[in-house]
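The values are calculated or read from the model by the stated rules, or taken from the named source; none is laboratory data. Treat the numbers as computed from the prediction; the structure is a model and nothing was measured. Neighbour counts are summed over all protein chains in view; Cβ atoms, including those assigned to glycine, are modelled from backbone coordinates with ideal geometry.
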Amino acid sequence: MRKKINFNMKPALLILLAVLLVSYACSRVEDNTRAGTLLTVESVVGEIGGEGTESTPLLSDTCDNANDEPQDPQLCGVFNDNATITFSNEYLQIGSGSGAGPSGSFLNDVIVNRYRVDYFRSNGRNTPGVDVPYGIDGTMNVRVPVNGSAGGGILVVRHQAKKEPPLSELDNGSSEHVITAQAELKFYGQDLAGHTVSAVGYLEIHFANFGEAQ
């Protein structure tokens, strides 16, 4: 007589569900890392080059010559534009960590050490050097404490970019008098235990020759 065998699938399903939840939690922070914190860009504040004036959206002047001076791009004075970034670092308590309590430990502090800026336009014309400036890679050194915040400054528009197409053409009779782009700011770093983290922020930029007082 054949015996009837019953399989209890509940333990297997519970194990599978637990594995999926852990995988999801890790991937939400950063692929291929076990960092127990979430780095976030809280704010991005633009700063007009040469003036030090805060501007969000950023008004990027492509020629700082006075109105009664030559506006030829080769003769224009230019300044780089900057931005102040504020980061937050939240403890997620994904795993037990290395001596981490309910609020984490100093090992969950994050050092943000590099960034990347790329520009995009809503009309889909995004070729660097033709439609938008070339991207920027830069370094920084900002320590963001666990469950805290910290800020630092970065370069968002190089002064060299204002001497190159397409920005230089705005000073010299271009059919486009203003270029509006979104700057995507990507930040990378590590916690003090060596786990990688990243964050993304955005800044709207209007490029034009805005004119100067005589």
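Structural remarks
- Of all positions in the stretch 60-78, at least one carries a residue that is of a type in the set (Val, Ile, Thr), touching a Phe, Trp or Tyr at 6+ places or on another chain (Cβ under 9 Å) and touching a residue at least 12 places away in the same chain (Cβ under 8 Å).
- Exactly one residue out of Leu92, Leu75, Leu58 is modelled with pLDDT under 85, out of contact with any Pro (no Cβ under 7 Å at 6 or more places or on another chain) and not small (Gly, Ala, Ser), and it is Leu75.
- Hits in the stretch 50-65 - residues which are assigned to a loop (DSSP other than H, G, I, E, B), within 13 Å of Glu212 (Cβ to Cβ) and of a type outside the set (Ser, Thr, Tyr): Gly50, Glu51, Cys63, Asp64, Asn65
- Here Glu204 passes the criteria (1) over 13 Å from the mean Cα position of the chain (by Cα); (2) under 21 Å from Phe120 (Cα atoms); (3) assigned to a strand (DSSP E or B) except the one numbered (1).
- Residue in the stretch 135-150 that is surrounded by the most Cβ atoms within 10 Å (Cβ to Cβ), counting only those that are outside any strand (DSSP E or B) and in contact (Cβ under 8 Å) with a residue 24 or more places away in the chain: Val146
- Of the residues examined, Asn123 is one that is farther than 23 Å from Asn65 by Cα and free of Cβ contacts under 8 Å to residues at least 40 places away in the same chain.
- Checked across the stretch 96-112, the condition of being touching a Lys or Arg at 6+ places or on another chain (Cβ under 6 Å), at pLDDT 95 or above and not in a loop (DSSP other than H, G, I, E, B) holds for at least one residue.
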